[in-house]
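Here's the structure, in C-alpha cells; my notes come after.
The values are calculated or read from the model by the stated rules, or taken from the named source; none is laboratory data. The structure presented is a predicted model; accordingly, all values stated were derived computationally and were not measured. Reconstructed Cβ throughout: ideal geometry from the backbone, glycine too, with neighbour counts over all protein chains shown. We work out accessible area using only protein heavy atoms, side chains counted, and drop any ligands, DNA or RNA first. Shrake-Rupley method; radii C 1.70, N 1.55, O 1.52, S 1.80 Å.
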Amino acid sequence: MIEESTSSTEQKSKGKKLKHLFWIIPLVLCLCCAGAFAWYVYQQMQPPAPQALDESQQAFLQYVLDSKYPEPLLGALPYPVKPANLFIYAKAGIIIDASNGCVLFEKNADNIIPPASMTKIAVMYVVFQAVANGETSLDTRFEPVRQAWARNAPPQSSLMGLGENQLVSVHELLMGLSVASGNDAATALAYHLSGSVEAFCERMNAEMVKLGLKNTRFVDASGYSELNTTTPREFAALARAYISKYPDALKTYHSAPSFDYPTKENYPANYTGGIYTKKMYASNKLLNIVEGCDGLKTGFIYESGFNISLTAKRGNTRFISVTMGGPGVGTAEGNRYRIADGRKLMNWAFASFETAPAQEKIVVPVRVWQGTENAVNLLEAKNHALTVPSISENAASKVVRTSQICDSIVAPVQAGDQLGKVQYSVDGIVLEEIPLIADRTILEGGTVKRAADKIAQNLIEKK
C-alpha cells in the first residue's frame, strides 16, 4: 500500500509539472517575442544610416535631377522685387547674375537683332570645345587659307591682318577675335576646324540648339551678315554658358588691352619680305571704365546698331549685361552710348544685389517605414549661388538656411520624391525654397515587415 501511494504521488507531481510547462513555455516565448520586438522598436529609434548609392542608383538619381529639377541658363528671381526704373539708350538689353542666371533687369530682351561681331563669342565657344576634345590645340600653327586673308575680306571689316606666307597659332587667332574683332581670324578658324565657313556655322548652330537657344542662328563666323540672329536674353545665356565653361578666357583674351600682329615669328625663317606689325587695342572701352570689367565683346553693323556683351566681377559677385541696337553715328558716338548703358546697368546691379556662394549641399538621413530599406537620404534638388538683395550691409553673409521634413515617411518612395524643403532667407525675407528629395527608390516591405513597422511607428511617434 505504501508503494502504491508513493507512485500515485509521483504521478501527480509529474502532472503538475506538465501543467506548469503548458503555460510557462508560452509565457517564455511571449517574453522572448516581446523582448525581440522591444529591441526592434529601440533600433527604429536610432538615427538611420542609409547605405551609399551604387553606380546605377547614382546614374538614375542624376537622370531624375536633370529631368524633374533642371536648372535653366536664365530664369526669373525666385522672390518678388520692384522692377527697376532704368533708362538705357539701347533698343534692347538685359542684365543677369552670372552665378545662377537670374534676370535682374530687362528691356525688350526678346527682340531679334543681328549680333554683329558678338558672334565671335560663339566662335570662341566652339573653338574651346575643339581644344578640349583634342581636335586642335592653342599652340597649333598653320597657314591661313586664302579666303581668310585680310585683303579678301569685305570692305570696312574689322581685321587682325592675316596674309600670305604667314603661320599663325590658334591662340593668336583667338587674340585676334577678342581684341581686334578680326573677321579674318573667324574665317581662318572656321576653315581650320570645319573646312568651310558653312560647315563651321552648322557646328555653331548645333551648339546653340544644345544650349536651348531658339532664336540664335549664324550664317557666317564673323558676324558681318545681317542674317545672323539672336536676342539679348539668348546672348546673355550664351555668355553665361561660355564663361562658366571657360572662365580662363576672360583673363587671357577678353581683358587683354592690346595685341600685336604680325611679328617675325609669324613668317618662315627664310622670309625676306617686309613685316608690318600693327598694335590693336581692345574694342571694349568699358574695360578701363567699369570696376571689375573683364569682358566680353562688342559688335556693330548698320542693321544691328551698337551692341555689347559685358561682364564684371567684384568680390563673389559677377554680372553679365547685353545691350543691342544702341544708337550712334560713327564709332565714337556709338561707344559713348554703349559706355553709358553698360556703366549704368553694372553700377545699378552692384548697388542693388550681391551673390551668396552656394553652400555645401545638405544631406539629411531620415527613417522610412514599411519599406525594403529603413532609411533614405534627403538632398537638395538644386544647389546654386543665391542673388541677395542689398537690404542691409553685407546681406549675402547673413543668409540663413533652414530645413523642413515630412513627419512620417512610408514606403513606397521613389527617387526624386519631394519629402521636405530647404528655405534660404535673409533678414526675414525668403529668397528661395528648394525641394528636399529622396536619393533612392524604396519599395514596400513584406506583410510581416509592414505590420511590425506600423506598431513600432505608433509606439515611437506617440512618444
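Couple of notes before you dig in:
- Annotation note: of Glu172, Glu135, the sole residue that is of a type in the set (D, E, K, R) and out of contact with any strand residue (DSSP E or B) (no Cβ under 8 Å at 6 or more places or on another chain) is Glu135.
- Close Cβ contacts (under 7 Å, 6 or more residues apart or on different chains) running from residues in the range 252-272 that are over 18 Å from Asp184 (Cα atoms) to residues that are of a type in the set (Val, Ile, Thr) and crowded, with 19+ Cβ neighbours inside 10 Å comprise Ala256/Val179.
- Of all residues in the range 134-154, those that are open to solvent by 50 Å² or more (accessible area, probe 1.4 Å) and closer than 29 Å to Thr231 by Cα total 1.
- Residue in the range 266-276 that is outside any loop (DSSP other than H, G, I, E, B) and open to solvent by 20 Å² or more (accessible area, probe 1.4 Å) present: no
- Residue match in the range 347-355 (condition: at pLDDT 95 or above and closer than 16 Å to Ala239 by Cβ): yes
- In the range 374-388, the residues that are farther than 29 Å from Ser352 by Cβ and open to solvent by less than 60 Å² (accessible area, probe 1.4 Å): Ala375, Val376, Asn377, Leu378, Leu379
- Answer from Ile409, Ile405, Ile391 - the residue that is more than 21 Å from Phe319 (Cα to Cα), among the β-branched types (Val, Ile, Thr), loosely packed, with under 15 Cβ neighbours inside 10 Å and in contact with a strand residue (DSSP E or B) (Cβ under 9 Å, 6 or more places away or on another chain): Ile405
- Within the range 132-158, the residues that satisfy the criterion of being out of contact with any helix residue (DSSP H, G or I) (no Cβ under 7 Å at 6 or more places or on another chain) and part of a helix (DSSP H, G or I) are Ala132, Asn133, Arg151.
- Restricting Tyr337, Tyr253 to those that are part of a helix (DSSP H, G or I), under 26 Å from the mean Cα position of the chain (by Cα) and either modelled with pLDDT of 95 or more or among the acidic types (Asp, Glu) (or both) reduces the list to Tyr253.
- Selected residue [open to solvent by 30 Å² or more (accessible area, probe 1.4 Å), under 22 Å from the mean Cα position of the chain (by Cα) and touching a residue at least 40 places away in the same chain (Cβ under 8 Å)] from Leu73, Leu61, Leu86: Leu73
- Listed by first and then second residue, the pairs linking a residue in the range 170-186 that is within 14 Å of Ala122 (Cα to Cα) to a residue that is open to solvent by 10 Å² or more (accessible area, probe 1.4 Å) and among the charged types (D, E, K, R), with Cβ atoms under 9 Å apart and 6 or more places separating them unless they lie on different chains, are Asn183/Asp220; Ala185/Glu172; Ala186/Asp220.
- When Met280 is tested against (1) assigned to a strand (DSSP E or B); (2) under 30 Å from Glu164 (Cβ atoms); (3) open to solvent by 70 Å² or more (accessible area, probe 1.4 Å), only condition (3) is not met.
- Qualifying residue in the range 115-127 (condition: in a loop (DSSP other than H, G, I, E, B) and either open to solvent by 40 Å² or more (accessible area, probe 1.4 Å) or acidic (Asp, Glu) (or both)): no
- Within the set Ser67, Ser157, Ser99, the sole residue that is of a type in the set (S, T, N, Q), more than 21 Å from the chain's Cα centre (by Cα) and either closer than 26 Å to Tyr242 by Cβ or crowded, with 21+ Cβ neighbours inside 10 Å (or both) turns out to be Ser157.
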